[in-house]
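Data block below; observations after.
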Amino acid sequence: MTDNVSDINNINNNNTQNNNNNNNNNIIVEDFDGVSKEVITASIDAINHNSLRNSMPTLYKSVDVNAQWIANKLKERENEFIEKKNMIIFLGTWNVNGKKPQESLDAWLKDPQVVSLGQPDIYAIGFQELDLTAEALLLKDVSRSLPWEQHISNTLQGDYVKLLTKQLVGILLCVYVKKEHRQHITQVQSDIAAVGIMGMMGNKGGVAIRFSFYNTSICIINSHLNAHLENTQRRNQDMRDISKTIKFTAEDGRLLSIYDHDQLFWIGDLNYRIQLPDHEVKERIKKKEYHILLEHDQLLNQMKVNAAFEGFREPPISFAPTYKYDAGTEDYDSSEKKRTPAWCDRVLWKTAKTAENVALMGYRRHELLSSDHRPVSCSFLIKIKTVIPDKRHKVYQETIKELDKKENDSMPDAAISTNSIDFEQIRFMVPVVKNIVIENIGQVIARFQFIPKLDESSLCKSWLKISPIAGMMIPKEKINIELTLYVDSLSSQAFNVLGESMDDILILHLENGKDYFISVSGTFQRTCFGNTLESLVRYPHPVRNNIPIPPEQKKLSIPKELWRIIDYIYNNGMKEEGLFIESGVGKEMELIKDCLDTGENFSSIGPLSIHSMAEILIRFLENLCEPVIPFQMYQQALDASSSSISCKTLVSHLPAVNYNVFFYLISFLSEVLTYQQSNKLTPDQLAIIFSTVLLRPNPSSPQQYQTDAATIKKKADLILHFLISKDLM
Amino acid sequence: MNNNNKIFQFKLVLLGEAAVGKSSLVLRFVRGHFLDYQESTIGAAFLAQTVCLNDTTVKFEIWDTAGQERYHTLAPMYYRGAQAAIVVYDIRSEDSFERAIKWVKELQRQGSPNIVIALAGNKLDLAAKRRVETAEAQQYAEENGLLFMETSAKTSQNVNELFVEIAKKLPKTPTTRPGSAQTQSPPPLPTSTTIL
């Protein structure tokens, strides 16, 4: 428990004053109960939690905000679980004019008229001018308070315990409570406000003590305001300054003013005078014509016009002015100064709207003679709220339940048209689009987004595109989400070569709500396009025959599909003008692909444009997962292009299959050039066309963007060497 | 000071084979109702529910997960960072009990270090067709330090009790915080504040 002390001091900087001077009791520390500390840690958790949101589907609920809402609800319904008890509070004030305790305090604190109505549950006793010495002002000496505290303790005997005392120079406030109540008092705090010379010396000012008595908050202020008849405005200002300066800290860290309490009492030597000539005042006192004097009482008149103590009330005065006496006598001031008698010493109260009114039990002066003031007391019967734990628990449970229901009802909800999408047959480089419709079927705006699976960074596999990946729907609104499945040469290897199955699970996440899984699947039609040379020469059958290959199977020298394409062109189109330059027919090309993949004869297609077959050759080479001259040799190839010898060396380092394919193609293209007269093709044209598909940079490398004329020429030169110099191979 | 108003928040996940009644248990607990035909959960449903104990209040953030095996690989997204788990099986299905045991093992291996695991044998209202003996499950639970209850989302038997037992067993000392050792582990708080 004591570990919390330093933290609390740090947190409540504005409250430092409260905790000074309170070393003689540990009440404040106990009553904080570590609460402020927890508020802080809770908000740190909030930060941590938020930073983790992206990696986990949980969400942060601000517990402290919820707790505050629950607290407010309970407050609204407190009548259902609160019981009112009557308690007596005794408020006493005495300006002791620097005197030490000399006479019994029984006539004040244990006045039979007071205690006959019931023993007070709380004693709040205020003193002023405890110490008139210069030392008290300058050194803030507190030794004068101890004898008075002792004197009070002796007077109240063993029935009461001291709750707290608070001193500001000569102003002392002591609060005692009946022992039986001590455990029901929490949140005990104090503060001071000095309004003396320079606003800081503290010869004038106020001290305040607040606490929660059962479930009722009580604040008591003891003040000594500026003196002298003509200083009414000064006193009004003192009162306002004190009420603004004094601050406490609530459990949740809010600052509390004196007005944030169920019961507020203001006692002390307020120093307001009677605005009448001395002789008249004395005359009327003799005749007990107090009502006439009260008409000229500065305080009552200021309160009437709301110039001070707004909202406060004072019980009716039916006793003689308590100031100023010759000490030890019953005579008003006989000195040269001849101070006019006045009701300097007062008790005022103010009740919060929510609290029950207080009932007055008696407002009196008491005949203790040692000072030039008479002590005053006022007792009130106040209604105190006490909690009935079982009933409160029931209301608490109901409140929690209501909150849970609201919270669950206000979560976003959506309906999704399907949790499973089958794209069925997927062909290489043929995009297929499917749609999902999500509908906001909840009561609130729903924000959705697709989120990656745990420890993954992308939302889905590379062959799938989601659009949009995030969005917002108002209630009843529908949004269409487009899924596009597209396998290109970058993603085809997984299916063509590695034989992976085509499926994925998408996670559609509703902000502050649930997740939906969407399974995506398709059947990829294996094809020689988007394949690898290595894989194609290992497989003697058409790729779509799923016949397993025996391990001893000999490799083909070149892919059979390549042979079939070239064989067809060789037999049907060598003389065709515009060969490799004119475009093929899309439909025919799809049919050709099917024939290549199924082993079907080209003749089954029917009449066929030679340009379709020519383009198929280029597409076949272009879509190889790895080009004939592998990615890693790309730069070497560019570098070698200026020299035919270097080119020859480079080609000799190609993997066997690639070398075969390269050799086969060059031979074929050389053959094409022998029909130059008919087909009008030049070596340069063929070199440019075929170099771009035989020699490609890795699509993930920056070289991909080298499309300048110099690079194109280098590529073409490499091929050109072989086309014009037959002995290079 | 009364601890009653301290709210401790925990993440709880439900795991178990498809159609053992995970969603039904949650809906019985949270909404107090039961559907004879409960749609299968394809995803993860989220609900909040608070349990008031005598001395504290425990708020569960409940993640109800998909039971189908094809979604198994996604489960860690939901049990990671959970301070409590209910592993559910159908008392009429030995397979579902075997699957529950696998879930428990996975949680013990990959879940939060001090995760509170409860084993729930659901569909107690169909005890006539029981295939998993209470004693067998009880013994397994004891050997593995799990809470154990047979429940019926349909009749509500033991449903609240199950969550209350979990709430009681969860550590409620605000000072116990996760070490920073597990970089992936979200904060098994508990966060708490005091009201009134």
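A Cβ distance below 8 Å, combined with a sequence gap of six or more or placement on separate chains, defines the contacts here; from the range B:77-90, residues that are free of Cβ contacts under 8 Å to residues at least 24 places away in the same chain and aromatic (Phe, Trp, Tyr) reach no residue that is in a loop (DSSP other than H, G, I, E, B) and open to solvent by less than 10 Å² (accessible area, probe 1.4 Å).
Please work out if A:Gly499 is closer than 30 Å to A:Pro548 by Cβ and either within 14 Å of chain B (Cβ to nearest Cβ) or free of Cβ contacts under 8 Å to residues at least 40 places away in the same chain (or both). Here the answer is yes, as A:Gly499 does meet what is asked. The criterion of at least 3 residues that are in contact with a Lys or Arg (Cβ under 8 Å, 6 or more places away or on another chain), open to solvent by 10 Å² or more (accessible area, probe 1.4 Å) and farther than 27 Å from A:Thr418 by Cβ is met by none of the strands (runs of 3 or more DSSP E) wholly inside the range A:461-568. Residues in the range A:674-691 that are open to solvent by less than 20 Å² (accessible area, probe 1.4 Å) and part of a helix (DSSP H, G or I): 5 in all.
Out of A:Tyr325, A:Tyr290, one residue alone is surrounded by fewer than 21 Cβ atoms within 10 Å (Cβ to Cβ), among the aromatic types (Phe, Trp, Tyr) and assigned by the TED database to the domain that holds A:Val207. It is A:Tyr290.
Checking each residue in the range A:577-607 for being open to solvent by 70 Å² or more (accessible area, probe 1.4 Å), of a type outside the set (A, V, I, L, M) and not in a helix (DSSP H, G or I) picks out A:Glu577, A:Glu582, A:Ser583, A:Glu600, A:Asn601, A:Pro607.
Could you grab me the full set of residues in the range A:701-726 that are more than 13 Å from A:Ile688 (Cβ to Cβ), free of Cβ contacts under 8 Å to residues at least 24 places away in the same chain and part of a helix (DSSP H, G or I)? Matches in the range A:701-726: A:Pro702, A:Gln704, A:Tyr705, A:Ala710. Of the set (1) in a helix (DSSP H, G or I); (2) open to solvent by 10 Å² or more (accessible area, probe 1.4 Å); (3) of a type in the set (S, T, N, Q), all apply to A:Asn698 but (1). Does at least one position in the range B:118-136 carry a residue that is of a type in the set (Gly, Ala, Ser), within 14 Å of chain A (Cβ to nearest Cβ) and either surrounded by fewer than 19 Cβ atoms within 10 Å (Cβ to Cβ) or touching a residue at least 24 places away in the same chain (Cβ under 8 Å) (or both)? So far as the range B:118-136 goes, no, none of its residues is of a type in the set (Gly, Ala, Ser), within 14 Å of chain A (Cβ to nearest Cβ) and either surrounded by fewer than 19 Cβ atoms within 10 Å (Cβ to Cβ) or touching a residue at least 24 places away in the same chain (Cβ under 8 Å) (or both). Every condition in (1) modelled with pLDDT under 95; (2) more than 30 Å from A:Ile549 (Cα to Cα); (3) out of contact with any strand residue (DSSP E or B) (no Cβ under 6 Å at 6 or more places or on another chain) is met by A:Gln493 except one, and the failing one is (2).
Contact annotation: residue pairs with Cβ atoms under 6 Å, 6 or more positions apart or on different chains, pairing a residue in the range A:642-671 that is open to solvent by 50 Å² or more (accessible area, probe 1.4 Å) with a partner that is assigned to a loop (DSSP other than H, G, I, E, B), are A:Asn660/A:Ser557; A:Asn660/A:Ile558; A:Phe663/A:Met729; A:Tyr664/A:Ile558. Does at least one position in the range A:70-85 carry a residue that is under 20 Å from A:Asn154 (Cβ atoms) and among the small types (Gly, Ala, Ser)? Within the range A:70-85, none of the residues are under 20 Å from A:Asn154 (Cβ atoms) and among the small types (Gly, Ala, Ser).
Show me the strands (runs of 3 or more DSSP E) found entirely inside the range B:1-95 where at least 3 residues are open to solvent by less than 10 Å² (accessible area, probe 1.4 Å) and within 11 Å of chain A (Cβ to nearest Cβ).
Values: elements: B:7-16, B:43-52, B:57-65, B:84-90.
So the answer is B:7-16, B:43-52, B:57-65.
A residue that is modelled with pLDDT of 80 or more, open to solvent by less than 80 Å² (accessible area, probe 1.4 Å) and either away from every other protein chain (no Cβ under 14 Å) or outside any helix (DSSP H, G or I) (or both) occurs somewhere in the range A:130-139.
The values are calculated or read from the model by the stated rules, or taken from the named source; none is laboratory data. Please read these numbers as outputs of a predicted model, since none were measured by experiment. Heads up, the Cβs are rebuilt from the backbone with ideal geometry, glycines too, and the neighbour counts pull from every protein chain shown. SASA here: full protein model, heavy atoms, side chains in, ligands and nucleic acids out. Shrake-Rupley method; radii C 1.70, N 1.55, O 1.52, S 1.80 Å.
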